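Step one of this worksheet: look at the structure below.
The values are calculated or read from the model by the stated rules, or taken from the named source; none is laboratory data. For clarity, every value in this text was computed on a predicted model and none was experimentally measured. Methodologically, a virtual Cβ is constructed for each residue, glycine included, from the backbone with ideal geometry; neighbour enumeration extends over all protein chains shown. These accessible areas exclude ligands, DNA and RNA; they are computed on the full protein's heavy atoms, side chains included. Shrake-Rupley method; radii C 1.70, N 1.55, O 1.52, S 1.80 Å.
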Amino acid sequence: MNTRLQVEHPVTELVTGFDLVCEQIKVAAGARLSFGQEDLHWRGHAIECRVYAEDPENNFFPSPGKITFLRVPAGPGIRDDSGVAEGDEVSIYYDPMISKLAAWGSTRAQAIDRLRRALDEYAVGGIKTTLPFFREIVRDEEFIDGRLDTGFISRFNERRERAKERPHLAGGTQASSLHQDIAVIAAALAYSRARRKRSPDHQTGEQSKWKMAGREASLNSMVTRKVPEHR
């Protein structure tokens, strides 16, 4: 049995309300636990992220260096157990963990919402961190639905790769949309010109001719603007 505190102990503390570090110190001093099994009750939901000085885009390769900027999130249900400050150096000789960011909520959905906000607020400058990776995870449908197992990360990475290919598909959709827009404008131009040819002067009058000419100029301008937009 491993009797030391685990790195996930903030989650346990958040959902039980007990300070495990305090209890551990008391036991080490010869005291008994201040609670029994019957006192333990699950309260809400908690999620923890291990914020490491690693580069997610480079197979989580260590990213040692100086922390040039640090903004730590706060707010309801947010807990950040950290041992670094702005200006500190992340060494290659020790564990590159920067902090343990945990979010608590009365439900899993609330915990995810709070964690999402906290991750967006968290900022570390000067080094690469796992924060961008977590920001994607907390917005992943499988994660939100709780469909988690040992194959989750592999499936998540596959979805990321497919998402990177979507801009090429989107380009085709944009081109199709451009053709449709131009076809509609061209039809409107043809209709306007045909109507002007059919209409005798005494029915349209000079003012109507000016209006028609203005409309045609506007339609031509729309075509000119549409083409650069889709290049």
Query raised in the report: What whole number of Å gives the distance from the Cα centroid of the stretch 109-152 to the Cα centroid of the stretch 29-80?
Result: 13 Å
Report summary line: Counting sequence-distant residues (5 or more places) and residues on other chains, those with an amide H built under 5 Å from that of M97 are A53
Query - Segment H41-F152, extension gain: residue separation times 0.36 nm, minus the distance between their alpha carbons - result: 37.1 nm
Requested in this report: Could you rank Y94, Y52 by how accessible they are, 1.4 Å probe, largest area first?
Outcome: Y94, Y52
**Report entry** About the Cα centre, charge dipole magnitude for the stretch 1-65 (Lys/Arg +1, Asp/Glu -1 at Cβ), debye
**Finding:** 300 debye
**Report entry** Largest to smallest accessible area among I67, I144 [probe 1.4 Å]
**Finding:** I144, I67
Query - Rough spin-label spacing in nm, given labels placed 7 Å along Cα→Cβ, for F143 and R166 - result: 1.6 nm
Query raised in the report: Residues with amide H under 5 Å of I78's amide H, sequence separation 5 or more or different chain, H placed in the peptide plane at 1.01 Å from N; which?
Result: W104
Report task. Report ³J(HN,Hα) in whole Hz for each residue of the stretch 29-39, in order, from the Karplus equation J = 6.51 cos²θ - 1.76 cosθ + 1.60 where θ = phi - 60°; Gly and Pro get x. Result -> 8, x, 7, 8, 4, 7, 8, x, 4, 5, 8
Query raised in the report: According to the square roots a ≥ b ≥ c of the eigenvalues of the Cα gyration tensor, what is the shape class of the stretch 17-130, taking rounded for a/c under 1.5, prolate for a/b larger than b/c otherwise, and oblate for the remainder?
Result: oblate
Query raised in the report: Using 0.36 nm per residue, how much length does the chain from A74 to E86 gain when fully extended, once their Cα-Cα distance is taken away?
Result: 2.7 nm
Query raised in the report: Say R0 is 30 Å: what FRET efficiency, to the nearest 0.05, do C22 and A109 get from their beta-carbon distance?
Result: 0.45
Report task. Please give the peptides 130-139, 56-65 ranked by average Cβ packing (other Cβ atoms within 10 Å per residue), highest first, as a rough proxy for protection. Result -> 130-139, 56-65
